[in-house]
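Taking it in order: structure first as structure tokens, then the write-up.
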Amino acid sequence: MIAIIGATGTIGNALLKRLMELGVPVRALTREPDKLRQHIGDAGSGVEVCAADANDPESMRRALEGVSQLFLALSNSPRQVEFETLIIQIAVQAGVEHIVKISSPVYDPRSPVTVAGWHGEIELALAESSLKYTVLRPYAFMQNLLKQATPISTQGMFFGCIGDSPSNFVDCRDIADVAAAALTNPEVAGRVYTLTGARTFTYPQIAEQLTTLLDRPIRFVNLPPEALRSDLIERGHMPPWLAEHVVEIQTMSTVIPETTTYTVERILGRAPRTLEAFLQENISRFQPRR
């Protein structure tokens with residue numbers, strides 16, 4: 001039995017769909033089981049939906065009974081290390097044999113990203129456990145660009161502090177497909193993988209693509225880091241720690257050059273989804289509201 005922690009998240013939900021397609025026994029863990037059952041509908045007749053909450057260790061223990069493999073992808077939060085370390089401990093006690101964990105690009109002191117440091121601590125806990133584990137370290141999610149839909153649709157612009165530094169983007173569905181491979185193919189499991197798309201893009205290049213697709217001018221506006229942090233908190237209503245995270249990862253891209261990997265293609269036997277195709281698929285999200 002494979003359990004998914006984070007089954008309602010972007011990656012976890014895509015993984016759930018993939019494992020359903022493969023006909024693999026799955027237990028989906030969520031704080032809102034009724035909502036998840038409604039979401040997957042009749043297609044999820046073979047899926048066990050189980051109530052579990054990282055704030056409630058007993059619910060997690062019950063949910064992991066009889067589980068052999070676990071996919072671990074909690075939303076980033078200041079309690080990340082506490083929650084995921086506890087889940088690892090519970091997994092060991094429950095007899096789980098293998099964990100696939102979503103992590104982040106490795107922490108680098110030249111341009112420290114606090115959340116990457118959290119994930120590093122959790123990876124260490126995995127390494128010190130008795131479990132077999134697979135770590136997936138994806139770069140920026142293409143799906144996160146959808147968070148720019150409002151300023152693009154209403155103002156024809158979006159903001160950042162990354163300048164014209166190239167960035168890696170990867171589709172969460174490709175991350176999920178790699179996770180599925182690690183959970184179903186022993187030859188893939190047990191390693192650490194850095195995941196990217198097929199090429200890097202600058203934010204001005206993304207603005208150019210949107211300009212072409214929308215047939216109207218779209219601009220990327222580069223802000224000083226402090227200005228972006230304030231904008232994310234005041235207008236974006238982000239908690240300060242998350243706004244700081246966005247600024248840190250964009251600053252990292254300006255300090256440490258990003259290069260692509262071919263991991264997705266090597267594991268899946270196909271090219272990763274492209275940013276061009278992702279924007280085309282979601283172009284209605286960036287259209288002006290009527």
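The values are calculated or read from the model by the stated rules, or taken from the named source; none is laboratory data. These numbers were taken from a predicted model, which means no experiment stands behind them. Note that each Cβ is placed from the backbone with ideal geometry, even for glycine, and that neighbours are counted across all protein chains shown.
Of all residues in the stretch 74-124, which are surrounded by fewer than 20 Cβ atoms within 10 Å (Cβ to Cβ), touching a strand residue (DSSP E or B) at 6+ places or on another chain (Cβ under 8 Å) and within 18 Å of V246 (Cα to Cα)?
Listed by number, the residues that qualify are L74, V106.
Pick from the stretch 29-52 the residues that are touching a residue at least 12 places away in the same chain (Cβ under 8 Å) and out of contact with any strand residue (DSSP E or B) (no Cβ under 9 Å at 6 or more places or on another chain): which of them is nearest to P240 (Cα to Cα)?
Residues of the stretch 29-52 that are touching a residue at least 12 places away in the same chain (Cβ under 8 Å), as a first pass: 29-33, 35-37, 39-40, 43-44, 46-52.
Filter once more, so that each one left must be out of contact with any strand residue (DSSP E or B) (no Cβ under 9 Å at 6 or more places or on another chain): 35, 39, 43.
On the way: K35: 29, H39: 31, A43: 39 Å.
Out of the qualifying residues, it is K35.
Hey, could you check the stretch 238-290 for residues that are in contact with an Asp or Glu (Cβ under 8 Å, 6 or more places away or on another chain) and assigned to a loop (DSSP other than H, G, I, E, B) and say which is nearest to R216 (Cα to Cα)?
Per the criteria, the residue is R273.
Identify, please: which residue in the stretch 239-255 is hydrophobic (A, V, I, L, M, F, W, C) and loosely packed, with under 13 Cβ neighbours inside 10 Å and is, among those, modelled with the highest pLDDT? Before the answer, list the steps.
Of all residues in the stretch 239-255, those hydrophobic (A, V, I, L, M, F, W, C) come to 241-243, 246-247, 249, 252, 255.
When the remaining residues are screened for being loosely packed, with under 13 Cβ neighbours inside 10 Å, the result is 241, 255.
Numbers: W241: 94, V255: 90.
Going through the qualifying residues, I end up with W241.
What strands (runs of 3 or more DSSP E) completely inside the stretch 42-133 contain at least 2 residues that are modelled with pLDDT of 95 or more? Write out each step before concluding.
On the way: elements: 47-51, 69-72, 98-102.
Counting at least 2 such residues, we get 69-72, 98-102.
Which residues, counting only those in the stretch 1-17, are in a helix (DSSP H, G or I) and under 17 Å from K101 (Cα atoms)?
Pass one, the stretch 1-17, residues in a helix (DSSP H, G or I): 10-17.
Passing the criteria: T10, I11, G12, N13, A14, L15, L16.
For the stretch 215-237, check the following and say yes or no: at least one residue is buried (at least 16 other Cβ atoms within 10 Å of the Cβ), free of Cβ contacts under 8 Å to residues at least 60 places away in the same chain, within 20 Å of the chain's Cα centre (by Cα) and assigned to a helix (DSSP H, G or I).
yes
Answer yes if at least one residue in the stretch 161-184 is without any contact (Cβ under 8 Å) to a residue 12 or more places away in the chain and not hydrophobic (A, V, I, L, M, F, W, C), and no otherwise.
Within the stretch 161-184, the subset without any contact (Cβ under 8 Å) to a residue 12 or more places away in the chain is none.
No: zero hits.
Kindly evaluate T254 against the criterion of being of a type in the set (S, T, N, Q) and over 28 Å from A176 (Cβ atoms). Even if it seems obvious, please write down each step before you answer.
Numbers: of a type in the set (S, T, N, Q): yes; over 28 Å from A176 (Cβ atoms): yes.
For T254, the condition - of a type in the set (S, T, N, Q) and over 28 Å from A176 (Cβ atoms) - is met.
Determine, yes or no, whether R27 is in a strand (DSSP E or B) and among the basic types (K, R). Even if it seems obvious, please write down each step before you answer.
Values: in a strand (DSSP E or B): yes; among the basic types (K, R): yes.
It is true that R27 is in a strand (DSSP E or B) and among the basic types (K, R).
Here's a check for you: in the stretch 256-281, which residue that is under 19 Å from the mean Cα position of the chain (by Cα) and β-branched (V, I, T) is surrounded by the fewest Cβ atoms within 10 Å (Cβ to Cβ)?
T259
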